[in-house]
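What follows is one structure encoded as structure tokens, with my remarks underneath.
The values are calculated or read from the model by the stated rules, or taken from the named source; none is laboratory data. Keep in mind it's a predicted model, so treat the numbers as computed, not measured. Cβ placement follows ideal geometry from the backbone for every residue including glycine, while neighbour counts extend to all protein chains displayed.
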Amino acid sequence: MIQPVPLAKPVPARRRRVVYLDILRIAACAAVILFHVSSQFWSVTDRSDPAFTAIRFYDGICLWGVPVFVMISGALLLGRDEAGLFAKIWKKRIPHVLLLYVVWGFIYGLFSGESSVRELVKAALFGYYHLWYLLMLAGIYCILPLLVPIAKDRKLLRYFILLSFAAAAVRMALKVPALTRFGEIWANVHLYLVLGYSAYFLMGHLIHTEETDVPASLWAKKLLLYAAAILSFVYGIISMDYEYLSLHYMFEAAAVFVIVKDLYGLAAGKRRKAPGADHAVRSAFIEKMSGLTLGIYLLHPMVLQSLDRLFGLNTRSFAAWLSIPVITITVFAVSAIITAIIRRIPVLRRLVS
């Protein structure tokens, strides 16, 4: 008698990639590098120097990078299954982020020439200038269970984000000399929750879950958002206000997120009518590059400084208008290559993933 063959266990379906989020992640990573490259000699550049105008311009157009990173995390995490959420946060996500912070702080301590145990421990605890992002991310993970119910309730979600924009607007208004005296009153309101990065986290979820095919009224709102974003870019360049939680960066980040999502939606619609292998190749490349962005972010200050130390290549090597984008592309590419190599080494790959 033929014995029945036991059925194989079903292979879990791979989570579907959201390509436009991959594109946003790559763009945000490039924007962060652009800011750090353009700021390389910010403190020692005279305002009368033509290079200062280039620095001011590039700095003013790229600070949406970090907010968009946070929005991507919100888009991906807030829509997931809540089962075992507390365990996932405290046993996996937060320990891994803190481990990255300590290890990379130690690595940058070595890179900076520290040799004593005391200084290396100090470097691991206080981190390098760009590693603050990891601590901020750990903080958001801590309050993630509180954000999930807000994200579930569409009305509550919109209220939270609207309150965040309103609070940011008040804080901006208080920078006007005639209104600064009211700052002490505003400080006593203590709206810290809606003024933090949790606003970007929830905003990413809201935009991500909005329907692509929208009525004319929503397109009108989008046009208003784009207009506000353009004004925000101009304000950022003129004011040199580089606070990530400022109102103008909230508009910029929202507009960049919406534009990339809409453009990708339109492109995907056309591809559905005329599918081809070329799209698959491009998506695979985007996915691979997106997977390298954490390593690129962690490595790029080291690469930027090494280019200067080893080859004398910096934003003063030639005209700033050209040197800043050229060095940005170089730093991104070199960091990506190094990250790809590290990811192939089993012992080290978790340092960049």
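What residue, among those in the stretch 201-232 that are hydroxyl-bearing (S, T, Y) and part of a helix (DSSP H, G or I), is modelled with the lowest pLDDT?
From the stretch 201-232, those hydroxyl-bearing (S, T, Y) are 209, 212, 217, 226, 232; that's our starting set.
Next cut, part of a helix (DSSP H, G or I) only: 209, 217, 226, 232.
Working: T209: 89, S217: 61, Y226: 80, S232: 84.
Result: S217.
I need the full set of residues from the stretch 56-77 which are more than 12 Å from the chain's Cα centre (by Cα) and modelled with pLDDT under 90, in order please.
R56, D59, G60, I61
Which of the residues that make up the stretch 300-321 are surrounded by 18 or more Cβ atoms within 10 Å (Cβ to Cβ) and hydroxyl-bearing (S, T, Y)?
Answer for the stretch 300-321, where residues must be surrounded by 18 or more Cβ atoms within 10 Å (Cβ to Cβ) and hydroxyl-bearing (S, T, Y): just T315.
Is it the case that some residue within the stretch 109-117 is of a type in the set (D, E), at pLDDT 90 or above, over 22 Å from the mean Cα position of the chain (by Cα) and surrounded by fewer than 19 Cβ atoms within 10 Å (Cβ to Cβ)? Write out each step before concluding.
Initially, the stretch 109-117 is screened for residues of a type in the set (D, E), giving 114.
Now narrow it down to the ones that are at pLDDT 90 or above: none.
Looking through the stretch 109-117, none of the residues is of a type in the set (D, E), at pLDDT 90 or above, over 22 Å from the mean Cα position of the chain (by Cα) and surrounded by fewer than 19 Cβ atoms within 10 Å (Cβ to Cβ).
Write out, first by first residue and then by second, each pair whose Cβ atoms fall under 6 Å of each other, whose residues are 6+ apart or on separate chains, and whose first residue, in the stretch 220-238, is closer than 11 Å to A255 by Cβ and polar (S, T, N, Q) while the second is in a helix (DSSP H, G or I) and modelled with pLDDT of 80 or more.
What qualifies is S232/H248; S232/F251; S232/E252.
Just the residues that are surrounded by fewer than 18 Cβ atoms within 10 Å (Cβ to Cβ) and either in contact (Cβ under 8 Å) with a residue 24 or more places away in the chain or among the hydrophobic types (A, V, I, L, M, F, W, C) (or both), please, taken from the stretch 339-352. Can you show your working first?
From the stretch 339-352, those surrounded by fewer than 18 Cβ atoms within 10 Å (Cβ to Cβ) are 340-341, 344-350; that's our starting set.
Listed by number, the residues that qualify are A340, I341, I345, V347, L348, R350.
Does W104 satisfy the criteria of being more than 17 Å from the chain's Cα centre (by Cα) and touching a residue at least 12 places away in the same chain (Cβ under 8 Å)? If you could, list the steps in order and put the result at the bottom.
On the way: more than 17 Å from the chain's Cα centre (by Cα): yes; touching a residue at least 12 places away in the same chain (Cβ under 8 Å): yes.
Here the answer is yes, as W104 does meet what is asked.
Scan the stretch 174-200 for residues that are surrounded by 12 or more Cβ atoms within 10 Å (Cβ to Cβ) and outside any helix (DSSP H, G or I) and jot them down.
L174, K175, L191, L193, V194, L195, G196, Y197
Could you go through the stretch 273-287 and let me know if any residue there is out of contact with any Pro (no Cβ under 7 Å at 6 or more places or on another chain), modelled with pLDDT of 75 or more, within 15 Å of V68 (Cβ to Cβ) and surrounded by 16 or more Cβ atoms within 10 Å (Cβ to Cβ).
no
In the stretch 321-338, how many are in contact (Cβ under 8 Å) with a residue 60 or more places away in the chain and farther than 20 Å from R25 by Cα?
Counting residues in the stretch 321-338 that are in contact (Cβ under 8 Å) with a residue 60 or more places away in the chain and farther than 20 Å from R25 by Cα gives 2.
Taking the condition surrounded by 13 or more Cβ atoms within 10 Å (Cβ to Cβ) and either touching a residue at least 40 places away in the same chain (Cβ under 8 Å) or not in a helix (DSSP H, G or I) (or both), does L163 pass?
Details: surrounded by 13 or more Cβ atoms within 10 Å (Cβ to Cβ): yes; either touching a residue at least 40 places away in the same chain (Cβ under 8 Å) or not in a helix (DSSP H, G or I) (or both): no.
Answer is no for this residue.
Could you list, ordered by first residue, the pairs with Cβ atoms under 9 Å in which the first is in the stretch 302-320 and within 25 Å of W104 (Cα to Cα) and at pLDDT 95 or above and the second is aliphatic (A, V, I, L, M) and in a loop (DSSP other than H, G, I, E, B), at least 6 apart or interchain?
Going by the 9 Å Cβ cut-off, the qualifying pairs are L307/L313.
Within the stretch 118-130, which residues are surrounded by 15 or more Cβ atoms within 10 Å (Cβ to Cβ) and either closer than 18 Å to Y297 by Cβ or among the small types (G, A, S) (or both)?
A123, A124, G127, Y128, H130
Residues of the stretch 54-84 being more than 21 Å from S290 (Cα to Cα) and loosely packed, with under 15 Cβ neighbours inside 10 Å, which ones? Break it down into steps so the answer makes sense when it comes.
Just the residues of the stretch 54-84 that are more than 21 Å from S290 (Cα to Cα), to begin with: 54-61, 81-84.
Answer for the stretch 54-84, where residues must be more than 21 Å from S290 (Cα to Cα) and loosely packed, with under 15 Cβ neighbours inside 10 Å: D81, E82, A83, G84.
Could you list, in sequence order, the residues of the stretch 234-266 that are among the small types (G, A, S), under 21 Å from V70 (Cα atoms) and assigned to a helix (DSSP H, G or I)? Break it down stepwise before answering.
To start, the set of residues in the stretch 234-266 that are among the small types (G, A, S) comprises 236, 239, 246, 253-255, 265.
Still in the list and also under 21 Å from V70 (Cα atoms): 236, 246, 253-255.
Correct list: G236, A253, A254, A255.
Being of a type outside the set (K, R) and over 22 Å from M71 (Cα atoms) is the requirement here; does A187 meet it? Please lay out each step first, then the result.
Values: of a type outside the set (K, R): yes; over 22 Å from M71 (Cα atoms): yes.
Against the criterion (of a type outside the set (K, R) and over 22 Å from M71 (Cα atoms)), A187 qualifies.
Would you check if there is a residue in the stretch 86-94 being at pLDDT 90 or above, of a type in the set (A, V, I, L, M, F, W, C) and within 24 Å of Y244 (Cα to Cα)?
Looking through the stretch 86-94, at least one residue is at pLDDT 90 or above, of a type in the set (A, V, I, L, M, F, W, C) and within 24 Å of Y244 (Cα to Cα).
Among the candidates R171, R158, single out the residue that is at pLDDT 90 or above, of a type in the set (D, E, K, R), assigned to a helix (DSSP H, G or I) and over 27 Å from M302 (Cα atoms).
Numbers: R171 fails: at pLDDT 90 or above.
After ruling out the rest, the residue left standing is R158.
Criterion first (touching a residue at least 24 places away in the same chain (Cβ under 8 Å) and in contact with a Lys or Arg (Cβ under 8 Å, 6 or more places away or on another chain)) does F111 satisfy it? Step through it out loud before you land on a result.
Values: touching a residue at least 24 places away in the same chain (Cβ under 8 Å): yes; in contact with a Lys or Arg (Cβ under 8 Å, 6 or more places away or on another chain): no.
No, not satisfied.
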